[in-house]
Amino acid sequence: MRIGEYLRYKIFWLLDRLKGGPLKSKLNYTEDILTSRDLSHVSQENEMRLKELLYHAISSTNYYKDKTFRSLEEFPIVNKNIIRDYLSNFVSDKFTRKNLFKVSTSGSTGAPFSIYHSKNKIYKSIADNIFFSSKSNYQVGNHLVYIKIWNSKFDFMTRYGFIMKNIYAYSVFNLSDDEIDHLISHLNKNGNPISFIGYASAFEKICHHLDDLESNPIKFKTKSLITISEALNFYTKDAIQKYFGIRPLSRYSNNENGIIAQQTKDSGSKFRVNDSSYVVEIFDLKKDKKLDYGQLGRIVITDLFNKATPIIRYDTGDVGTLELNEDGRPYFSEIYGRKLDLLYDTKGKIVPSHLSAKLVKYGDFKQFQLVQKGLKDYEVNLNTDKKIDEEALIAEYRGYFGDDANIKINYVDEIPLLASGKRREVVNEYYA
């Protein structure tokens, strides 16, 4: 760690110690739960926190008050729409709102959504971030480039906080060819190893630009790279390895809860579940039936640390497959962004995972997207300067969707970003 990074690291933890060490305490707990080999200890800790949360929700929120639920299994499934419509009934009367932190999502596929966090939840989220970031070789104080959608203007305290934490906040909307060149030139001059975190589609765009250059302009050393918010496709994963010289890791998180799971340096393609903060369940795609390990379904979580707005059996809107590792720990073998990001064949069955990635072999596309328009109607949107072998592509994809699939290929100039700054590779308009 360089001197400047070391000083930031020391100052960061000194400030926490002056506050009584709330963050260090949460980090110690997170490390204890996530690294313990004693699964009975982990189970006991989580069961204790779960019982506290359920009792707290029943005794202090209007939504759950006076209910006779005796276990998690008796609580109903909730989702963004329910919480949004009845937010005041979910907020615990043990807290004063002026002392809480309002946390909002962008509402990229629907109306904006907000809940409240207490300081205790904020500290746990930061501790989770520190722990999982360390699993990608990042430490507090390292120079971090954070690529996402940012507010157009930062106040003084926000800018000061970025400087102190050595964070370079970079907008996902500033990724024209010239802006990418300028960013790389700036980082080359920095002289320090660089850590990255940002939307997967942002790195995809950077890599496509690098494909068009005669040589790789990146001279800086990449210390770590984590992609968030979107699935990391095979092209981007390989291109990051080629240009940045490092294997990227993918993180599964959301604004309203925090880090739910992440790949680590030692986990391969598996997503290590953050069972220090959440109870994770998988439910059937169409009905509220809990599924066994190894089955694809809706990801439903219970947040053990948000007592300001108890989040119990919350349908995240995402889809995945939960399995058990050899050591008995849970992990995700598959994670999809949303139910709306799943495609079905002409008989109504889910098609193989990561189907959009198979488009890569048909050309060097700037962008691509698969859209299901109807039960048997599909469109392939390609942003490319060259025509492809359409007959071969259609023949292959009929093998996935069905011989009676109607597949149309569209050549487009741009696949637009969502309001959140993200781009969807797979869209299901028929089952929306």
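Computed from label points 7 Å out along Cα-Cβ, the spacing between Glu396 and Lys290 is 4.1 nm.
For the range 247-338, the extents of the C-alpha atoms along the principal axes are 35, 28, 25 Å, listed from largest to smallest. If R0 equals 22 Å, the separation of the Cβ atoms of Asp155 and Lys94 corresponds to a calculated FRET efficiency of about 0.15. Sorted largest first, the spans of the alpha carbon positions of the range 1-91 along the three principal axes are 55, 35, 23 Å. Under 5 Å between amide hydrogens, built in the peptide plane, is the criterion, and for Ile311 it picks out Asp303, Asn306 among residues at least 5 positions away or on other chains.
Listed by chain and number, the lysines placed with their C-alpha closer than 27 angstrom to that of Lys65 are Lys51, Lys80, Lys94, Lys98, Lys102, Lys119, Lys121, Lys124, Lys287, Lys289, Lys290, Lys307; residues fewer than eight positions away on the same chain are left out.
Counting only protein heavy atoms, what percent of the accessible surface of the chain is carbon or sulfur at a 1.4 Å probe? Intermediate results must be reported in sequence, preceding the final value.
Values: 10470 of 21290 Å².
Taking all protein chains in place, the chain shows 49 percent carbon and sulfur surface.
Work through the residues other than Ser267 whose Cβ is under 15 Å from its Cβ and net out their charges, Lys, Arg +1 and Asp, Glu -1. Could the numbers behind the result be given before it?
Details: positive: Lys135, Lys237, Arg247, Arg251, Lys265, Lys270, Arg272, Arg329; negative: Asp266, Asp275, Glu323, Glu326, Asp327, Glu334.
Neighbourhood net charge equals +2.
Its residue count N sets the reference 2.2 N^0.38 Å, and the alpha-carbon radius of gyration of the range 130-172 equals 1.24 times that reference. Over 19 Å apart at the Cα level, from the set Lys386/Lys408; Lys10/Lys148; Lys347/Lys376, are Lys10/Lys148.
With contributions of -39500 (n - 2.57) from each DSSP H run of at least four residues, the per-residue ellipticity at 222 nm computed over the chain stands at -10000 deg cm²/dmol. Computing FRET efficiency as 1/(1 + (r/R0)^6) for Ser71 and Phe173, where r is the C-beta to C-beta distance and R0 is 51 Å, gives about 0.65. The modelled label-to-label distance for the pair Asp212/Met48, using points 7 Å beyond Cα in the direction of Cβ, is 5.8 nm.
Please quote Rg/Rh for the chain to two decimal places, taking the Kirkwood radius as Rh and restricting both calculations to Cα atoms.
Values: Rg = 22.5 Å, Rh = 23.3 Å.
Computed over Cα atoms, the ratio is 0.97.
For the chain, the antiparallel share of DSSP beta bridges with both residues in that region comes to about 60%. Residue by residue, the range 89-94 carries 3J(HN,Hα) couplings of 7, 8, 6, 5, 7, 7 Hz when phi is fed to the Karplus relation 6.51 cos²θ - 1.76 cosθ + 1.60 (θ = phi - 60°); x denotes Gly or Pro. The stretch between Ile82 and Asp266 holds 62.4 nm of extra length on full extension. This uses 0.36 nm per residue minus the Cα-Cα distance.
In Å², what does the accessible area per residue of the chain work out to with a 1.4 Å probe? If you can, show how the numbers build up before the last one.
Numbers: 21290 Å² over 432 residues.
I get 49 Å² per residue for the chain.
The values are calculated or read from the model by the stated rules, or taken from the named source; none is laboratory data. This structure is a prediction, so every number in the text was calculated from the model and none was measured. Methodologically, a virtual Cβ is constructed for each residue, glycine included, from the backbone with ideal geometry; neighbour enumeration extends over all protein chains shown. Ligands, DNA and RNA are excluded from the accessible area calculation, which covers all protein heavy atoms including side chains. Shrake-Rupley method; radii C 1.70, N 1.55, O 1.52, S 1.80 Å.
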